[in-house]
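Structure first, then comments.
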Amino acid sequence: MLWDQILASEWKLLEQVATLLKPFADHTRLLEGDPVALSSVIPAAMDLECHLLGFQQDQTKHDVRKVIASDMLSDMRRRFESVTSTHSSSFDPLPAAATFLHQSLCAALFIPGKAQLLQAAKDLIMEMLNEAGDSSDVASTSNETQAQNSEREANSTALSRFRFLSQPLEAAAPSVQQSASSSSASADQRK
């Protein structure tokens with residue numbers, strides 16, 4: 001056997017690593033070509049996290065992909081903490097606000113465990129509205145519109161491009177509708 005030949009087991013390993021990395025290439029292309037990419041950053045990071053968690057938690061896989069997925073997940077969380085972790089000293093709520101304002105992506109912030117990110121988005125939006133002047137009419141209209149849009153979020157075509165995030169979104173669908181209803185009720189109370 002020559003030193004430059006790849007064994008069948010090595011080809012299989014390369015194919016497995018390619019399967020692991022393909023969603024990263026897909027999201028890179030998506031975000032490069034998306035004119036509203038800022039609103040897609042958090043759903044893309046969440047989708048990739050779900051993808052890596054799938055590899056990490058799959059009990060049938062005891063290969064190098066699981067180790068690589070675990071390392072990639074840790075590194076990805078560290079790299080994205082400035083937009084996904086409100087506890088980070090470098091946290092910037094702007095991508096969360098952009099996601100919240102994007103009518104077909106905001107459902108990603110209603111997934112359980114994302115309440116602090118959702119609140120940070122709302123706080124930034126309210127702060128910006130207050131700086132712009134009297135926001136009471138705008139905030140009420142925004143909350144009503146958000147409540148109407150949130151009912152359509154679980155089946156949104158924009159979110160369909162985040163295939164690994166689909167399970168958490170489907171599981172969160174009832175809470176999205178409940179959150180939208182409570183947002184609408186609190187907007188009505190402020191009137």
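The values are calculated or read from the model by the stated rules, or taken from the named source; none is laboratory data. All of these numbers come straight from a predicted model, not from anything done at the bench. Quick reminder, even Gly has a Cβ in these numbers, built from the backbone with ideal geometry, and neighbours come from all protein chains shown.
From the list Asp47, Asp58, Asp4, the one residue that fits, being of a type in the set (Asp, Glu), modelled with pLDDT under 90 and surrounded by 10 or more Cβ atoms within 10 Å (Cβ to Cβ), is Asp58. Apart from one condition, Ile42 fits all of (1) β-branched (Val, Ile, Thr); (2) surrounded by 12 or more Cβ atoms within 10 Å (Cβ to Cβ); (3) more than 12 Å from the chain's Cα centre (by Cα); the exception is (3). Of Ser140, Ser166, Ser160, Ser183, all but one fail to be in a helix (DSSP H, G or I), modelled with pLDDT under 50, surrounded by fewer than 19 Cβ atoms within 10 Å (Cβ to Cβ) and out of contact with any Phe, Trp or Tyr (no Cβ under 8 Å at 6 or more places or on another chain); the exception is Ser183. Counting only residues that are within 15 Å of Ala115 (Cα to Cα) and of a type in the set (S, T, N, Q), which one in the stretch 71-96 is surrounded by the most Cβ atoms within 10 Å (Cβ to Cβ)? So, considering only residues that are within 15 Å of Ala115 (Cα to Cα) and of a type in the set (S, T, N, Q), the one surrounded by the most Cβ atoms within 10 Å (Cβ to Cβ) is Thr84.
I'd like the full set of residues that are among the hydrophobic types (A, V, I, L, M, F, W, C) and crowded, with 17+ Cβ neighbours inside 10 Å, limited to the stretch 102-120. Listed by number, the residues that qualify are Leu105, Cys106, Ala107, Ala108, Leu109, Phe110, Ile111, Leu117, Leu118, Ala120. Considering the conditions (1) touching a helix residue (DSSP H, G or I) at 6+ places or on another chain (Cβ under 8 Å); (2) farther than 24 Å from Glu127 by Cβ, Val67 is excluded by exactly one of them, (1).
Output the number of residues of the stretch 1-36 satisfying the condition of being in a helix (DSSP H, G or I) and free of Cβ contacts under 8 Å to residues at least 60 places away in the same chain. If you could, list the steps in order and put the result at the bottom.
Here is the first cut: in the stretch 1-36, the ones in a helix (DSSP H, G or I) are 8-33.
Checking the rest, the ones that are also free of Cβ contacts under 8 Å to residues at least 60 places away in the same chain come to 8-22, 24-29, 31-33.
Within the stretch 1-36, residues that are in a helix (DSSP H, G or I) and free of Cβ contacts under 8 Å to residues at least 60 places away in the same chain number 24.
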